[in-house]
Amino acid sequence: MKIVLGVSGGIAAYKAAELARLLQQAGYRVQAVMTRAAREFVAPMTLAALTGEKVITDLFPPETAAASPADAEAAIEHIAVAQAADALVVAPATAHVLAKFAHGFADDFLSTLYLATTAPVILAPAMNLNMWRHAATQANLETLRRRPGHVLVEPGAGYLACGMVGEGRLAELEAIVAALERALAQGQRDLAGRKVLITAGPTREAIDPVRYLSNRSSGKMGFALAEAAARRGAAVVLVAGPTAAEPPRASGIEVIPVTTAEEMAAAALAQFPHVDLAILAAAVADYRPVKPAGEKIKKTAAPLHLELEPTPDILAACGRAKRHQILVGFAAETGSPVAAGRAKLQAKAADMIVANDVTLPGAGFDADENEVFLITASGDRKLERAPKSKIAGQILDAAAALLAPSPSVRLVRA
Ligand SMILES: Cc1cc2nc3c(=O)[nH]c(=O)nc-3n(C[C@H](O)[C@H](O)[C@H](O)COP(=O)(O)O)c2cc1C
């Protein structure tokens, strides 16, 4: 995702360099746009070197004797930058920038870009205490707070560069990044109108009335996928095996609790014909006791032999029933996840396999983080270790890209 980082002319402009670095660490491409006053505080070269992108400083190219087509192209750059931006973050936002944004003045690149973008806008003001408290600033802030798609990251209180103590200090940089991430998650509604089936957690296969075969799956990956899909506008059916963690009960998520592989298969296959996307993240037991004992098996000195039979293969069954659906399976492997994932992709007629090595410490089963490979017909891609919520978003990005345009989008295009 591409973030435009607007920097205006306050003392805190030096913190924009650190913010650019944090945004990059969070996986964003960053392009800086600086006001004339900002350049009095930080050199554009600093931000160019850190972001690896051209820093935009002017609306118009420098005056030349005869304007060239290249100059004309540069002059409409704000439109291209605005269209490519997934969010505009302005940090620090001066009292002057807030006033211009509130009233729609467009006399430099940043303020023109602001009017041209439809992306979420995150504003982190920083200024002297009296400037902050001024009725004009407060009125502008109120206007901006009420504007849809705008987030104000309120300044903190403390010692200010002007020597005063009070409100006006740029918010913590981590709080600005967190506000951006929330805004992006809310803004992304690319799954609106879609129905998504997600399976999560382990299954339990009875040995007798008190014992069962199961695995270490916590359900967290599937739950994170369900939450992320619902946030992006999907109607989610979550078929959840028994876990210690509670399945998410957010609006847009219907939870169907199941215990065994047989129950999970029945629930998933009943839903499958009605969904656009199925992500089978559950760790379904591959085998179950052929004949679970009706009564608790008594302990004896003799060895106990359990005869096991394969459980229904839910991914393969969905693959056979597939019509318009995009089918995503998971492969939990203990070595060479890519090779195993690719074999599974073909064998099960899936569109994507999310493969991971469950022996990696701190990732995968029963962990809050994951690192996985996304395997599709067109190749594989590694998602570096990250919280499961972030991995869920990346899996949905890849799955959404495989979905055919929704009927409403087709209608608009026609
Ligand atoms: C040393 C110095 C520090 C300043 N710090 C701030 C500040 O923290 N916040 C602010 O709103 N304005 C501050 N200003 C005033 C702005 O630089 C000035 O209003 C300028 O016109 C802002 O332009 P811009 O919003 O286009 O960047 C400062 C000015 C100077 C000279």
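The values are calculated or read from the model by the stated rules, or taken from the named source; none is laboratory data. The structure presented is a predicted model; accordingly, all values stated were derived computationally and were not measured. Ideal geometry is used to build each Cβ from the backbone, glycine not excepted, and the neighbour counts take in all protein chains shown.
Sort out which residues of the stretch 253-283 are in contact with a helix residue (DSSP H, G or I) (Cβ under 7 Å, 6 or more places away or on another chain), crowded, with 20+ Cβ neighbours inside 10 Å and outside any helix (DSSP H, G or I), and write them in order of number.
ILE253, VAL258, LEU277, ALA278, ILE279, LEU280, ALA281, ALA282
Select from the stretch 131-160 the residues that are in contact with a strand residue (DSSP E or B) (Cβ under 9 Å, 6 or more places away or on another chain) and within 11 Å of the ligand (Cβ to nearest atom) and write down the one among them that is nearest to VAL55 (Cα to Cα).
My answer is PRO155.
Can you tell me which residue within the stretch 149-185, out of those that are under 30 Å from ILE395 (Cα atoms) and of a type outside the set (A, V, I, L, M, F, W, C), is modelled with the lowest pLDDT? Step through it out loud before you land on a result.
First pass over the stretch 149-185, keeping only residues under 30 Å from ILE395 (Cα atoms): 149-153, 172-185.
Retained after the next criterion (residues that are of a type outside the set (A, V, I, L, M, F, W, C)): 149-150, 172, 174, 181-182.
Working: GLY149: 79, HIS150: 89, GLU172: 95, GLU174: 95, GLU181: 90, ARG182: 86.
For the stretch 149-185, the residue satisfying everything is GLY149.
Identify the residue in the stretch 99-127 that is outside any helix (DSSP H, G or I) and within 18 Å of GLY168 (Cα to Cα) and, among all such residues, is nearest to the ligand (Cβ to nearest atom).
MET127
State the number of residues belonging to the stretch 26-40 that are crowded, with 18+ Cβ neighbours inside 10 Å and not hydroxyl-bearing (Ser, Thr, Tyr).
Residues meeting the conditions: 6.
Name the residues in the stretch 229-252 that are over 21 Å from ASP368 (Cα atoms) and assigned to a strand (DSSP E or B), would you?
Step one: filter the stretch 229-252 for residues over 21 Å from ASP368 (Cα atoms), giving 232-237, 251-252.
Passing the criteria: ALA235, VAL236, VAL237.
Quick check on ALA171: is it outside any helix (DSSP H, G or I), touching a strand residue (DSSP E or B) at 6+ places or on another chain (Cβ under 7 Å), in the same structural domain as GLN25 (by TED's automatic domain parsing) and closer than 28 Å to GLU77 by Cα?
Answer is no for this residue.
Pull out all pairs, ordered by first then second residue, where Cβ-Cβ is under 7 Å, the residues are six or more apart or on different chains, the first lies in the stretch 147-169 and is farther than 24 Å from GLU181 by Cα, and the second is within 12 Å of the ligand (Cβ to nearest atom) and small (Gly, Ala, Ser).
Short answer, once both residue conditions are applied: LEU160/GLY168.
Looking at (1) polar (S, T, N, Q); (2) under 21 Å from GLY27 (Cα atoms); (3) assigned to a helix (DSSP H, G or I), find the lone condition where ASN356 falls short.
Unmet condition: (3).
Could you tell me which numbered condition GLU40 fails, if it satisfies all but one of (1) under 26 Å from the mean Cα position of the chain (by Cα); (2) within 12 Å of the ligand (Cβ to nearest atom)?
(1)
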